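A short worksheet on the structure shown next.
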Amino acid sequence: MIEARYIVEFACLFVAGLVVTVHLVQRRLFLERVSILGQQMRMIDRLKGALSSATQTLDAVFWHAPTPMAKVAEDGTMLSCNPSLCKALGYAIGELDGKSFEHITAEGLAGDLADYKRLIDGQIDHYRRDKAYRHQDGSLVPAHLSVVAQRHPETRDFQLAIGMFNFREK
């Protein structure tokens, strides 16, 4: 008959073996998870790089476009105006930033505000209209305006991209 002490030793070795096996399985799972996390972090870094590159490209297009353009906040404040817009209206680069688009609007403001409200309320996603802007020297500058809404998908922050065509430059 097997002595009780051998049974206890065998049981302890068996339990110790299970503990070691469980530990090794947990370690392997942990290492697999670390590897997957590393792959995901590398993918995120690649996506950030691609997004950064796309953002830089769009910024370059905005700043070097021959078409007058502006980025406008929901409240109508011009966030950024490209050099073509500044030149067409006789302003220095950066001089219009922070001002309301009403500051440069000479004619067509009522219709523009009505379309703007519909755009902000989500009833339309863009609009176009003919209107006149006021040059810094006071003269009128007719243009065809095209406005599109850009909403951030997560924060719902709102920004307008405005392109102005058919300017009659001085």
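The values are calculated or read from the model by the stated rules, or taken from the named source; none is laboratory data. Because the structure is predicted, anything quoted here is derived from the model rather than measured. All Cβ positions, even for glycine, are placed from backbone atoms using ideal geometry, and neighbour counts span all protein chains on display.
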Quiz item: Given the structure, is I44 farther than 24 Å from R151 by Cα, loosely packed, with under 14 Cβ neighbours inside 10 Å, at pLDDT 85 or above and outside the structural domain of Q136 (by TED's automatic domain parsing)?
Solution: no
Quiz item: Would you pick out the residues in the stretch 109-124 that are closer than 17 Å to L145 by Cα, surrounded by fewer than 19 Cβ atoms within 10 Å (Cβ to Cβ) and at pLDDT below 85?
Solution: L109, A110, G111, L113, I120
Exercise. Would you list the strands (runs of 3 or more DSSP E) that sit entirely within the stretch 50-108 and hold 3 or more residues that are surrounded by 18 or more Cβ atoms within 10 Å (Cβ to Cβ) and touching a helix residue (DSSP H, G or I) at 6+ places or on another chain (Cβ under 8 Å)?
Key: 69-73
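I'm trying to understand the selection: among the residues of the stretch 109-121, which are more than 18 Å from G163 (Cβ to Cβ) and either part of a strand (DSSP E or B) or without any contact (Cβ under 8 Å) to a residue 24 or more places away in the chain (or both)?
Kept after step one, since they are more than 18 Å from G163 (Cβ to Cβ), are these residues of the stretch 109-121: 109-110, 113-114, 117-118, 120-121.
Once the filter is applied, which keeps residues that are more than 18 Å from G163 (Cβ to Cβ) and either part of a strand (DSSP E or B) or without any contact (Cβ under 8 Å) to a residue 24 or more places away in the chain (or both), the stretch 109-121 yields L109, A110, L113, A114, K117, R118, D121.
For the stretch 133-158, which positions are in a strand (DSSP E or B) and either modelled with pLDDT under 80 or crowded, with 16+ Cβ neighbours inside 10 Å (or both)?
Applying the first criterion (in a strand (DSSP E or B)) to the stretch 133-158 yields 133-134, 140-151, 158.
Hits for the stretch 133-158 are Y133, R134, V141, A143, L145, S146, V147, A149, Q150, R151, F158.
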